[in-house]
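*Asks:* Once you've had a glance at the structure underneath, I'll fire off some questions.
A short reminder: the numbers here are calculations on the coordinates, not readings from a lab. Worth saying up front: this structure is predicted, and the values here are computed from it rather than measured. A quick note on method: Cβ atoms are made from the backbone with ideal geometry, for glycine too, and the neighbour counts reach across all protein chains shown.
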Amino acid sequence: MTVAIVHERLTEIAGSENVVAEFARQWPDAPIHIPIVDPRVTAPFSARVRTGALSSAYRAARYRTYAPLLPLVPGWLRRRDFGSADAVLISHHAFAAAAVKAAGPRPTIVYVHSPARWAWDKKMRREEAPSLPGRLALDVLSRLAIAVELDAAPKITSIVANSTTVAQRIKDHWNREARVVHPPVDIDFYTPDAAQTRGDYFLLAGRLVAYKRPDIAIRAAVNAGVKLVVAGDGREAARCRKLAEGGDVTFLGRVSNEEFRDLYRRARAMVMPGEEDFGITPVEAMACGTPVVALGVGGALDSVVDGVTGTFVTGHTDAEIVTNFAEAFASFDNGLFDPGAIRQRAEHFSPEAFRAKMADVVAETLATHRHG
C-alpha cells in the first residue's frame, strides 16, 4: 500500500504539523505535497516535501506573509500528480480538501483539524481582523474556503475529525459523518517529575489571540487574587497586559519546550478559558501530572475528565464565565487530584495510539474501496 500525503502549509510547527509528522512516520515512503513552504521551518518530514510555484512566490516576497497566496492554494492542489499512490491522506484546515479532485478514482482520507472555523464563524472573523480592509479580505477568503469544503465534502471517501466537537461541525457544515481520532501528544517528553514541588501559580499557555480568550483567565485571576503565569505571545498581548494591571500576573512571552515542561510540572493547574478544536496544551499538562481548569466546551470535553484530571467551568455570558473561573481558582485544591491518574489519562493520546488508529482508518478505507 502506498500513500500520498497533503498538507496546506509549512510555515510554522504546531499541532497540525505534528499530525503530519506522525503520518510521515507511519508511511515512511510517502511524498508530502505542500503548496506553501518556508524552508527555514524544519520538520521531521522536510526532506520528503514536494512544493512548487507558490513557495517560490513566498520566497520572492521574503516570507513576509503567505496570505495573498491562499486563494491560489486550491488550484495548485487540484493539479497535483499523486503518481502510483493507492490512497491520498489529506491534513485539512481550510483548503487542503481541494486535493480530492486530483486524487481521481483513488480513495481519499481527510483528517480534519476543523472545517475552516474562521470562515464559518462571522464572530471569529471580526476578532481575527478588526480593521475594515482586513475584515473584507477575510470575508472574501472565507467564501472561497467554504466553497472548497462544500465542493470536496461529498467526494471524500473517509473523514476523520480530531475531536467530537469537530465531528459535529463536519456534520453541521458538510452533512457528513466523521470518525474521531484525537491528535498525537508528545507524552514521552511531557512527563511528571517527582523531584519538583508544586508551585503557587495557575498557568495560561499558548498564543494570545482573541478566540483562545486569554482575557477571561486574566480577569478571573485578578478577581480571585491568585497568581497567574502567562507563557506565550500574540496579537492580544498588549490588551492582556492592560487587563492584568493590579493583579499578580506574570508574562513570560514565548518560552522553549523545556521551559513549558517545567512550568507544567510546577503549576497548580493549567487554564483553558476558550473553546479549542481539540487543545494540545491541556494534554501536555496532564502528561506532566498537572490538572486542568477548562471551559466545559469543545475539545476539552474529549480530553479532560471532570473531577479526575481537572474541573470544568461553565457560563452563558463572559461575565458569568469570568466569575465562575474566579471561583474555581479561589477554591482549587490540588489534593483532590491524583497526578498518576492524570498522567494515565494523557497516555490515551500518545503518538503510537494515533498512528495505529490512522493506519486502521486507511486500511479499512482501501479495503472498502476495493470491494465497493
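*Asks:* Expected output is a single nm value to one decimal: the length gained when fully extending between D360 and K155, i.e. 0.36 nm times separation in residues minus the C-alpha distance. What is it?
*Replies:* Net length gain for the segment: 71.7 nm.
*Asks:* Could you give the length gained on full extension between A53 and T65, defined as 0.36 nm per residue of separation minus the Cα-Cα distance, in nm?
*Replies:* 2.8 nm
*Asks:* Using the Karplus equation 6.51 cos²θ - 1.76 cosθ + 1.60 (θ = phi - 60°), what ³J(HN,Hα) coupling, rounded to whole Hz, does each residue of the stretch 77-82 give in order, writing x for Gly and Pro?
*Replies:* Values per residue, Gly and Pro as x: 5, 5, 9, 5, 10, 9 Hz.
*Asks:* Simple spin-label model, 7 Å along Cα-to-Cβ: R176 to D248 in nm?
*Replies:* Those two pseudo-labels are separated by 5.0 nm.
*Asks:* Please list, in chain and number order, the residues 5+ apart from V6 or on another chain whose amide H is under 5 Å from its amide H, with Hs placed from the backbone.
*Replies:* Under 5 Å from the amide H of V6 lie the amide H atoms of H33, L89, I90, S91, each far enough along the sequence or on another chain.
*Asks:* Please list the helices of the chain that count as membrane-span-like by this rule: a mean Kyte-Doolittle hydropathy of at least 0.5 together with Cα atoms stretching 20 Å or more along the helix axis, each helix being a complete DSSP H run.
*Replies:* 132-152
*Asks:* Quick one: which residues, 5+ away or cross-chain, put their amide H under 5 Å from the amide H of A30? H built at 1.01 Å from N.
*Replies:* When sequence neighbours closer than 5 places are left aside, there are no close amide H contacts.
*Asks:* Excluding residues fewer than 8 places away in the same chain, name every one of the lysines whose C-alpha is closer than 21 Å to that of K122.
*Replies:* Filter leaves K171, K212.
*Asks:* To the nearest 0.05, how large is the calculated FRET efficiency for T2 and V255 if R₀ is 25 Å and r is the Cβ-Cβ distance?
*Replies:* Calculated transfer efficiency: 0.05.
*Asks:* How large is the dipole of the stretch 201-348 about the Cα centre if only Lys and Arg carry +1 and Asp and Glu carry -1, each at its Cβ, rounded to the nearest 20 debye?
*Replies:* 420
*Asks:* Shifting gears a bit: What is the dipole size for the stretch 1-99, taken about its Cα centre, with +1 at each Lys and Arg Cβ and -1 at each Asp and Glu Cβ, in debye to the nearest 20?
*Replies:* Dipole size: approximately 400 debye.
*Asks:* In the stretch 280-297, which residues have a backbone nitrogen under 14 Å from the label point lying 7 Å from D121's Cα in the Cα-to-Cβ direction?
*Replies:* Once the point is set 7 Å along Cα→Cβ of D121, 295-297 turn out to lie under 14 Å by backbone N, inside the stretch 280-297.
*Asks:* Give a residue-ordered list of calculated ³J(HN,Hα) values for the stretch 193-205 (Karplus: 6.51 cos²θ - 1.76 cosθ + 1.60, θ = phi - 60°; whole Hz; x for Gly, Pro).
*Replies:* 9, 4, 6, 8, 8, 5, x, 10, 10, 8, 10, 10, 10
*Asks:* In addition: For S84 and R207, FRET efficiency with R0 = 51 Å and r from the beta-carbon atoms, rounded to 0.05?
*Replies:* About 0.80, to the nearest 0.05.
*Asks:* Return the FRET efficiency for the residue pair D200, V305: r is the Cβ-Cβ distance, R0 is 22 Å, and the value is rounded to the nearest 0.05.
*Replies:* Taking R0 as 22 Å, the efficiency between D200 and V305 is 0.35.
*Asks:* 5 Å is the cut-off here: which amide hydrogens, built 1.01 Å from N in the peptide plane, fall below it relative to M272, excluding neighbours closer than 5 in sequence?
*Replies:* V293, A294, L295
*Asks:* With a ≥ b ≥ c taken as the square roots of the eigenvalues of the C-alpha gyration tensor of the stretch 303-349, please select rounded if a/c is under 1.5 and otherwise prolate if a/b is larger than b/c or oblate if it is not?
*Replies:* Since a/c reaches 1.5 but b/c is at least a/b, the shape of the stretch 303-349 is classed as oblate.
*Asks:* Please work out how much length the chain gains when fully extended from R135 to E320, using 0.36 nm per residue of separation minus the C-alpha to C-alpha distance, in nm with one decimal.
*Replies:* 63.7 nm
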